[in-house]
Every structure is written in structure tokens, then in C-alpha cells.
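Chemist: Quick one: structure below, then a few questions.
Quick note: the coordinates plus some simple rules give every number you see, no bench work behind them. All values derive from a computational prediction rather than experimental measurement.
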């Protein structure tokens, strides 16, 4: 599915979120330390928007890796990162082909809800993250305000699939999006999953009235 929608993925993201996805990724990158050289892994990197933002704003990153299962997404990412010192890998977040404790920062934007086993992916993140390392996950969530939630769900169930389908030519992909968002455990439920793997210093920061959440955790 992600291979099919890759050519217009960035355009759809900007239009469907009214540009908020750019602000959310910048917020994520602001949580990356600036005081020491870092090895960073971006999972579900897609077209590399997080990596691109990271490399523009954090010159202390001396190793930048992006991993994604969709080859068509990575083809676009390579073009966007052509003048950057980044390495892109085709692979699965549930089976990361890196050594134990080999990266300092892991980021993942809007990808954790798409893995077959959230627990297995989190275990892999914990394994490859160095002691004292930081995990940053951006994911959609549902607004706590009941009125906002109703508006949001109407948009997600009826408007987004229509517009996303017109932009991408793939209506099924954007119907899938709203189903996964509604089914995914967000907020404290996701924090519990992070704790069960062994992560500490866990926080969940709602963004834009709670339609997205930035999770932070340390090993």
C-alpha cells in the first residue's frame, strides 16, 4: 500500500494535515540533544521528512540512518537526501539489522501503528538503543475534548479518505488510515507498552488539541 501511494505521499500529508505534519516533525526534532555527537535511526522513515528536518537542525548528528519496508518510499527519500550524509535501509522495524546498543536516538513518525506487532518493534528499539539513549515516537491520537473528537472523527472517516483518495488515486489507503488511528492504543495505554519493554522517563505530549501525540522515553 505504501509503495502505491509513495509518489503523492508528501503532497497528501501536507494537504490533509493543513501543514501540521511539518510542525509536528520539527517538535520531535527539538527533543533531540544538541550537546554531543549522535547516532540516529529513523524508523518507518518513508520519504525521509524526519531525517531531512533532523539533519538541517542538528549538525551534531554524525550518523543518520533511515529504515523503511517500502522501496518506493525509499526511492523518493534518496532523492530528497541526495546532498546529505545519510544512509537508507530497506527493512522491518520488528527486525532491525543493527547491533545491540548501536544508536543514541531513535525516531519514528506515524509508523508504529502500522507494524504487525507493536511489542516486538518496541523490543527491537530497546535492543539497538544505547544505554541513556532516547526514543521519540510521533503518532496520531484522539482528542480528549468530546466535541473536538466528534469533528475529528467525522473528518477522518468521511473527508480524509475522499481527499486522500483523489490525491493519491488510492481510496483504500486512506480508509485504512482512519481505522488504524481509531484502533491504536494511545496516551497512557501506549506509555504502558513502553514501560513493559523497559523504557524509563516516559512522557506523552499531546499536539494540536490531541490529534497527535509525541512520546518520549529513555533506555
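Chemist: Taking every DSSP beta bridge that has both residues in the stretch 1-121, what percent is antiparallel when rounded to the nearest 5?
Modeler: Looking only at bridges with both residues in the stretch 1-121, the antiparallel portion is about 5 percent.
Chemist: Also: Pick from 155, 186, 174 the residue whose mean-square fluctuation is largest in a GNM of the chain, springs joining Cα atoms under 10 Å.
Modeler: Looking only at 155, 186, 174, the largest GNM fluctuation is found for 155.
Chemist: Among rounded, prolate and oblate, which fits the stretch 49-176 when a ≥ b ≥ c are the square roots of the eigenvalues of its C-alpha gyration tensor, a/c under 1.5 means rounded, and a/b larger than b/c means prolate?
Modeler: In terms of gyration-tensor shape, prolate.
Chemist: While we're here: Starting from the Kirkwood Rh over alpha-carbon pairs, what translational D in µm² s⁻¹ does the stretch 156-195 have by Stokes-Einstein at 20 °C and 1.002 mPa s?
Modeler: 192
Chemist: Also, quick follow-up: Given the options 143, 59, 185, state which has the largest fluctuation in a GNM of the chain using a 10 Å cut-off (strictly under) for Cα springs.
Modeler: Most flexible of the set in this elastic network: 59.
Chemist: With each run of n ≥ 4 DSSP H residues scored as -39500 (n - 2.57), what mean residue ellipticity at 222 nm is computed for the chain after dividing by its residue count and rounding to the nearest 500 deg cm²/dmol?
Modeler: Taking each H run of at least 4 residues, the total per residue is -12500 deg cm²/dmol.
Chemist: How long are the semi-axes of the ellipsoid equivalent to the chain, from square roots of 5 times the Cα gyration tensor eigenvalues, in whole Å, largest first?
Modeler: Semi-axes, largest first: 26, 21, 16 Å.
Chemist: Specify whether the C-alpha gyration tensor of the stretch 95-152 places it in the rounded, prolate or oblate class, a ≥ b ≥ c being the square roots of the eigenvalues: rounded for a/c under 1.5, otherwise prolate if a/b is larger than b/c and oblate if not.
Modeler: prolate
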